[in-house]
Amino acid sequence: MKKLFILSFCFFMQSSFANELYKIKVEKNQKIQGTLSAELSDNATIHFVFTKNSESKKFEIIPIFVDSNKQPKQLDMFESSEIPSILSYHKNGSIVTLSNFYEKKKELQRIDFDVNSGKFQSTTTKDFSNPKNIFRLSDQTVFVDFDKTKNKLSTISFSNSKEMKEDKFEFSATEFNNFKAFFNETPQEVNQNEFVKNGPISKRKSYFSDNKLIFTSEKDKSNIQVLTLQLDGSKQYKFTDFDFNYPKDIKDQNTYVVDNMLLSVAVSKEDVVLNSFDMTTKKATKSISLQNDLKLRLSAENRDKFIQSAAKNAMKPTVTVNKTKDPNKLLVLLDHVNKNTYNYNHNWWHFHWMMMNQQQMMQQQMMRQQQQMIKQSMPRGFGPNMEYYDALAMVYFNKSELKPIQFVIDSNLNLDEASGAETIHKSIERDDYLEKFKDDKSLKELSAGFTSTDFRYIYFDKKNETVYLKLESL
């Protein structure tokens, strides 16, 4: 009885901390199709409710904007004859731009919602191909497309629906092999306007930094190629080769680009070492060893456990960087993931929604497997927050036992005495906050957006035929 009281009290406390920001009564001619919560700059969020109107036969997009003061405002509804397929969103001044792609018609639709007036305007671009890479920046969106058979690459960037800038690059026949090395498979874009604890582990990656596109391609454990393209209209590009000169006993390595610095984390049976290189001069600038330089930060037992785990054949080391509010300092995070189950993706909500559906399918499949007594391999998980889904795939380590190694470096890449710093992008375990909702059958089509101080979630309550938008503090 006492346990029941505690559980009931906890649920009451959780519910009482949720503040209702807004609600929409769903009309009889509207059928809820889904929701999307988008995190914007300046601690603002925008939440979309997608409905299908049985009378007009059109799809409706109902936006609700929430500013940094947590004040909600419903904007004008947008109608579409086809199911919306959202590619990106960003906020520039008072305009929130939503990018929508129609696969059948091959059209890109950009919708500007004015958060002051509530009005919208849109522009449609015909003969548009679904981009290979998408960079959703704080105030603009950049689409990247390439044709590896014709040695061509193009980018489209825009801050609103009225303007669009295109940059095209063509590579000579002699550069074919170099170009092909980067695009034999689609590079994994790394969005550095948000922080993902474990970065990408793909051999090919792409970055957007200081109006440049940067592509990296790993030849082997000790060699990497870099392609840098200027998006200033000059059409300038540069191929660069980096040789890390790692010894043969290196188990694996991984790279990460931040500003003009290339970081490489290398793992052996004896050590984990982070090396940095200047991308202009190609010179090695710093080396930080877990066993030597960080030995006072960790106990010998924890160092050995981390190295032993990272050196396993199934593991891939990761290095990520979170910029701090001090422009002269960077917070570095070293970790490792199971490369057979981990799949990085920074577009958190889209893939969280996909994963929740995949989780249900996997549970059903497991039941069928048990009934049929057929031994089959488990489906792969979808990242980046694998701890939540490891029970459905393969556990690579218990997060309570082995934690990522973090440290601060200054502008000269020297170790700072502090082990942490206030970062620009807050590291949030989003799935942990949404864990309590997963078994609540009354919450349909739930999505959430996180700011630095709170998270705002929207859902459909089928019993009341009402869409609720609520807020809870982090």
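Below are the figures for this structure:
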read-out	value
Single residue of 243, 249, 259 found to be surrounded by fewer than 14 Cβ atoms within 10 Å (Cβ to Cβ) and either under 27 Å from residue 168 (Cβ atoms) or among the β-branched types (Val, Ile, Thr) (or both)	259
Residue ID - nearest to residue 334 (Cα to Cα), chosen from residues in the range 420-474 that are in a strand (DSSP E or B), of a type in the set (D, E, K, R) and open to solvent by 50 Å² or more (accessible area, probe 1.4 Å)	445
Filter pass, residue 417 being acidic (Asp, Glu) and either in a loop (DSSP other than H, G, I, E, B) or more than 24 Å from residue 22 (Cβ to Cβ) (or both)	yes
Which listed residue, of 184, 198, 177, is of a type outside the set (Val, Ile, Thr), in contact with a Phe, Trp or Tyr (Cβ under 9 Å, 6 or more places away or on another chain) and modelled with pLDDT under 95	198
Residue list for the range 167-182, filter: touching a strand residue (DSSP E or B) at 6+ places or on another chain (Cβ under 7 Å), free of Cβ contacts under 8 Å to residues at least 60 places away in the same chain and closer than 17 Å to residue 240 by Cα	181, 182
Index of the failed condition, residue 43 passing every other in (1) within 18 Å of the chain's Cα centre (by Cα); (2) within 23 Å of residue 187 (Cα to Cα)	(2)
Positions within the range 146-169 being surrounded by 16 or more Cβ atoms within 10 Å (Cβ to Cβ) and assigned to a strand (DSSP E or B), in sequence order	146, 153, 154, 155, 156, 157, 158, 167, 169
Test: residue in the range 243-250 that is charged (D, E, K, R), on the phi < 0 side of the Ramachandran plot and either touching a residue at least 40 places away in the same chain (Cβ under 8 Å) or in contact with a Phe, Trp or Tyr (Cβ under 8 Å, 6 or more places away or on another chain) (or both)	no
In the range 103-128, residue most open to solvent (accessible area, probe 1.4 Å) [restricted to those that are assigned to a loop (DSSP other than H, G, I, E, B) and of a type in the set (Asp, Glu)]	127
Residue identified as closer than 27 Å to residue 57 by Cα and among the charged types (D, E, K, R) among 145, 112	112
Yes/no for residue 239 being aromatic (Phe, Trp, Tyr), in a strand (DSSP E or B), farther than 27 Å from residue 411 by Cβ and touching a residue at least 12 places away in the same chain (Cβ under 8 Å)	yes
Any hit, the range 298-316, residues being of a type outside the set (Gly, Ala, Ser) and touching a His at 6+ places or on another chain (Cβ under 7 Å)	yes
Qualifying residues in the range 170-221 (those that are part of a loop (DSSP other than H, G, I, E, B) and among the β-branched types (Val, Ile, Thr)) - the one farthest from residue 149 (Cα to Cα)	196
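The values are calculated or read from the model by the stated rules, or taken from the named source; none is laboratory data. Quick caveat, the model's predicted, so the values are computed rather than measured. Here Cβ is always computed from backbone atoms with ideal geometry, including for glycine, and neighbour counts include all displayed protein chains. Accessible surface areas use protein heavy atoms only, side chains included; no ligands, DNA or RNA. Shrake-Rupley method; radii C 1.70, N 1.55, O 1.52, S 1.80 Å.
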